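**Student:** Have a look at this one.
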Amino acid sequence: MKYDKDVDELRIRLGSERTRLIARISSEIRISAGLFLRKKGFIELNPVIISPLTDPLRHKTLNGSIDYLDSRFYLMRSMIFHKQISLLGLEKIFIFSPNVRLEPADHAETGRHLLEFTQIDIEMKDVGREEVMALAEEMLIYILEHVIRQCAGELSTLKRTLIIPRKPFTRIRYLEAYEEYGPAFEILISQRARAPFWIIDIPIEAREFYDREYTEQPGILCDMDMIYPEGYGEALSGGEREYEYEKILERVRNYETNPQDLVWYLELAKMGLPRCAGFGIGVERLTRYICGLAHIAEATVFPKIPGAIGI
């Protein structure tokens with residue numbers, strides 16, 4: 001039968017000691033992230049799975065959607081808008097958010113893309129980029145130290161040695177990195193690095209409309225990406241959010257997005273949104289980095305790889 005080979009491979013993988021070790025480490029990553037954020041006063045929110053409002057994303061993905069009551073729900077690609085809206089009543093929030101991004105088949109070759117993954121989404125009210133960068137550095141170190149304590153045997157069996165990075169992490173400006181290394185700068189620098197680092201000050205054309213543009217540097221966003229070392233690539237992405245209605249509307253129009261697709265968000269923005277900043281960090285990518293895995297498919301028990309059908 002068509003699925004015999006796939007089913008046999010799944011049974012072998014699910015029964016393997018390696019799968020158990022990686023799953024245990026991934027579980028401890030989730031535990032430690034939740035502990036850290038709760039200690040910092042964050043409130044955990046339920047994830048949103050379907051909504052008429054989701055991240056439009058600048059890079060190419062298919063739009064998974066469901067028709068219901070003469071309307072359309074989208075599968076959640078990112079809770080970016082929900083995070084900002086939640087701060088109308090809350091101060092600091094986090095969500096273990098399932099994201100569905102139907103990536104092109106060739107993204108399987110990167111070793112770091114999945115069609116569905118869990119993102120720890122974090123947002124803080126009345127703060128800027130510096131505060132969330134400091135939080136992200138502290139959180140990563142906390143998670144690494146926790147996993148080293150709780151999973152020493154698992155890491156040893158996987159032959160993975162982790163080094164705790166020092167704060168503050170190195171910062172590299174996007175345009176300077178692009179000028180020196182070209183469009184593949186992120187992965188090239190990651191391959192040479194031995195500690196996590198930041199890419200900061202990202203051009204407006206490289207990102208979505210909802211991140212804040214510097215007043216004093218037109219065309220540059222107050223954004224950042226944390227990059228893992230050893231070639232593991234992007235860890236998290238975030239920055240300050242635009243919150244002034246007229247600026248949001250101008251950016252939406254320049255982005256060539258239909259404002260009607262964002263009507264919930266725009267109506268709330270018209271009434272007033274809070275100043276905020278935050279980021280999202282992928283659990284599977286973090287698991288891949290901590291475990292030293294060649295491909296992200298090993299970082300989850302039921303991986304959905306671009307270009308393939310998985311259970």
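The values are calculated or read from the model by the stated rules, or taken from the named source; none is laboratory data. Just so it is clear, the structure is predicted and the values come from calculations on it, not from any experiment. Heads up, the Cβs are rebuilt from the backbone with ideal geometry, glycines too, and the neighbour counts pull from every protein chain shown. Calculation scope for accessible area: heavy atoms of the full protein, side chains included, ligands and nucleic acids excluded. Shrake-Rupley method; radii C 1.70, N 1.55, O 1.52, S 1.80 Å.
**Student:** Defining a contact as two alpha carbons under 8 Å apart and six or more residues distant in sequence, what relative contact order in percent does segment 216-311 show?
**Tutor:** On the way: 93 pairs, mean separation 22.5, N = 96.
Relative contact order, segment 216-311: 23 percent.
**Student:** Using a 1.4 Å probe on the protein heavy atoms, what percent of the accessible area of segment 4-54 belongs to carbon and sulfur?
**Tutor:** On the way: 1720 of 3030 Å².
Solvent-exposed carbon and sulfur of segment 4-54 make up 57 percent of the total.
**Student:** Would you calculate a helix-derived [θ] at 222 nm for the chain, using -39,500 (n - 2.57) for each DSSP H run of n ≥ 4 and dividing by the full residue count, to the nearest 500? Let's see the in-between values first.
**Tutor:** Numbers: 10 runs with 113 residues, N = 311.
-11000 deg cm²/dmol, from helical runs alone.
**Student:** While we're here: 5 Å is the cut-off here: which amide hydrogens, built 1.01 Å from N in the peptide plane, fall below it relative to PHE197, excluding neighbours closer than 5 in sequence?
**Tutor:** When sequence neighbours closer than 5 places are left aside, the close amide H contacts are ILE227.
**Student:** Most fluctuating residue of ALA269, ALA193, ALA184 in a GNM of the chain with Cα springs under 10 Å: which is it?
**Tutor:** Judging by the Gaussian network model, the answer is ALA184.
**Student:** Continuing with the same structure: Using the Karplus curve 6.51 cos²θ - 1.76 cosθ + 1.60 with θ = phi - 60°, what ³J(HN,Hα) values do you get for each residue of segment 162-178, in whole Hz, with x for Gly and Pro?
**Tutor:** So the J values, rounded to whole Hz, are 9, 10, 6, x, 9, 8, x, 6, 4, 10, 10, 6, 3, 5, 5, 5, 4.
**Student:** While we're on this one: Taking a cut-off of 30 Å between Cα atoms, list the lysines near LYS270, but don't count ones fewer than 8 places away on the same chain.
**Tutor:** LYS60, LYS83, LYS92, LYS125, LYS247
**Student:** Keeping all protein chains in the complex and leaving out DNA, RNA and ligands, what accessible area do you get for THR161 with a 1.4 Å probe, in Å² to the nearest 10?
**Tutor:** 120
**Student:** So the label point goes 7 Å from the Cα of THR110 along Cα→C-beta, right? Which residues of segment 233-274 then have their backbone N under 15 Å from it?
**Tutor:** Inside the label zone: 233-238.
**Student:** Let me ask you something else. Got the relative contact order for segment 162-294 handy, in percent, Cα pairs under 8 Å and 6 or more residues apart? If you can, show how the numbers build up before the last one.
**Tutor:** On the way: 206 pairs, mean separation 27.4, N = 133.
It comes to 21 percent, rounded to a whole number.
**Student:** Specify the longest stretch of the chain that does not include any exposed loop site, a site being one of the trypsin sites (Lys or Arg not before Pro) with a non-H, G, I, E, B DSSP assignment and at most 14 other Cβ atoms within 10 Å.
**Tutor:** Numbers: sites that count: LYS2, ARG58, LYS60, LYS159, ARG166, ARG194.
Of all site-free stretches, the longest is 195-311.
**Student:** On the accessible surface of segment 171-311, probed at 1.4 Å, how many percent belong to carbon and sulfur atoms?
**Tutor:** Carbon and sulfur atoms account for 51 percent of the accessible area of segment 171-311.
**Student:** What accessible surface, in Å², does a 1.4 Å probe find on THR110, ignoring ligands, DNA and RNA and rounding to the nearest 10?
**Tutor:** 60
**Student:** Right, another one. Name the residue, out of SER156, SER26, SER97, whose mean-square fluctuation peaks in a Gaussian network model built on the chain with Cα pairs under 10 Å.
**Tutor:** Answer for the Gaussian network model of the chain: SER156.
**Student:** Report which label in (1) 1.08; (2) 1.01; (3) 0.94 holds the value of Cα Rg over 2.2 N^0.38 Å derived from the coordinates of this structure.
**Tutor:** Looking at Cα Rg over 2.2 N^0.38 Å for this model, the match is (2).
**Student:** Build a GNM of the chain with springs between Cα atoms under 10 Å: which of GLN217, GLN119, GLN84 gets the top mean-square fluctuation?
**Tutor:** Most flexible of the set in this elastic network: GLN217.
**Student:** For segment 303-311, what does the Karplus curve 6.51 cos²θ - 1.76 cosθ + 1.60, with θ = phi - 60°, yield as ³J(HN,Hα) per residue in whole Hz, taken in order and with x for Gly and Pro?
**Tutor:** Each residue of segment 303-311 in turn: x, 10, 9, x, x, 9, 9, x, 5 Hz.
**Student:** Write down the accessible area per residue of the chain in Å², having rolled a 1.4 Å probe over the full set of protein chains. Mind dumping the intermediate values first?
**Tutor:** Working: 15480 Å² over 311 residues.
On a per-residue basis, 50 Å².
**Student:** Additional query: Compute the relative contact order of the chain as a whole-number percentage, counting only Cα pairs closer than 8 Å that sit 6 or more residues apart in sequence. Please report the intermediate quantities before stating the final value.
**Tutor:** Details: 551 pairs, mean separation 67.8, N = 311.
For the chain, the relative contact order is 22 percent.
**Student:** Give the long-range amide H neighbours of GLU242: residues separated by 5 or more places, or on another chain, with amide H under 5 Å away, using H modelled in the peptide plane at 1.01 Å from N.
**Tutor:** ASP211, ARG212
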